[in-house]
Amino acid sequence: MDATVEINNSTKVIDGNITEAQLHTWKNKYGKLVKVEVENDEGETRFAYFRKPTMATRAAVLQTSKTDEFKALEVLFKNCYLGGDEEVVQDDDLKLSVITAFADLTQPKAAKAKKI
């Protein structure tokens with residue numbers, strides 16, 4: 001469900017209470033983005049936007065995951081979260097849901113190697 005609201009006839013607020021201009025800025029800066037949707041306890045859809053993790057972020061997540069997988073997810077969230085509904089940041093259950101979905105989506109692609 002995509003919701004768009006106009007403010008002052010020039011600024012459009014879209015899913016996650018961000019503006020189209022903000023989304024455009026993020027796309028220009030980070031390239032492809034990931035939008036994650038989650039329902040809160042009242043059945044309302046909330047949104048979070050992420051950039052793809054860099055190699056440095058992936059390394060930090062991998063290192064942290066050796067001792068604490070929840071902290072590793074927090075590292076991923078802090079380094080890749082761009083914005084969205086504030087409820088996602090404040091509610092631990094929503095935050096865990098969106099970061100887990102994001103982490104699953106951003107796993108490296110399978111590759112095949114063979115000797116030639």
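The values are calculated or read from the model by the stated rules, or taken from the named source; none is laboratory data. This is a predicted model, so every value here is computed, not measured. Using ideal geometry, Cβ is built from the backbone for each residue, glycine included, and neighbour counts are taken over all protein chains shown.
So the values come out like this:
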{"read-out": "Tally, over the stretch 10-47, of residues that are of a type in the set (S, T, N, Q) and assigned to a helix (DSSP H, G or I)", "value": "3"}
{"read-out": "Close pairs from the stretch 29-56: first touching a residue at least 24 places away in the same chain (Cβ under 8 Å), partner surrounded by 19 or more Cβ atoms within 10 Å (Cβ to Cβ) and in a loop (DSSP other than H, G, I, E, B), Cβ under 6 Å, at least 6 apart", "value": "Arg46/Asp85; Phe47/Asp15; Phe47/Gly16; Phe47/Asp85"}
{"read-out": "Residue in the stretch 48-85 that is nearest to Ala21 (Cα to Cα), counting only those that are of a type in the set (Lys, Arg) and in a loop (DSSP other than H, G, I, E, B)", "value": "Lys52"}
{"read-out": "Pairs with Cβ under 6 Å, 6+ apart, first in the stretch 62-83 and among the basic types (Lys, Arg), second buried (at least 16 other Cβ atoms within 10 Å of the Cβ)", "value": "Lys71/Thr64"}
{"read-out": "Residue check for Leu94: in a helix (DSSP H, G or I), in contact with a Pro (Cβ under 9 Å, 6 or more places away or on another chain), buried (at least 17 other Cβ atoms within 10 Å of the Cβ) and at pLDDT 95 or above", "value": "no"}
{"read-out": "The stretch 16-46 - residue that is small (Gly, Ala, Ser) and under 17 Å from the mean Cα position of the chain (by Cα) and, of those, modelled with the lowest pLDDT", "value": "Gly16"}
{"read-out": "Options Val75, Val13: the member that is at pLDDT 95 or above and aliphatic (A, V, I, L, M)", "value": "Val75"}
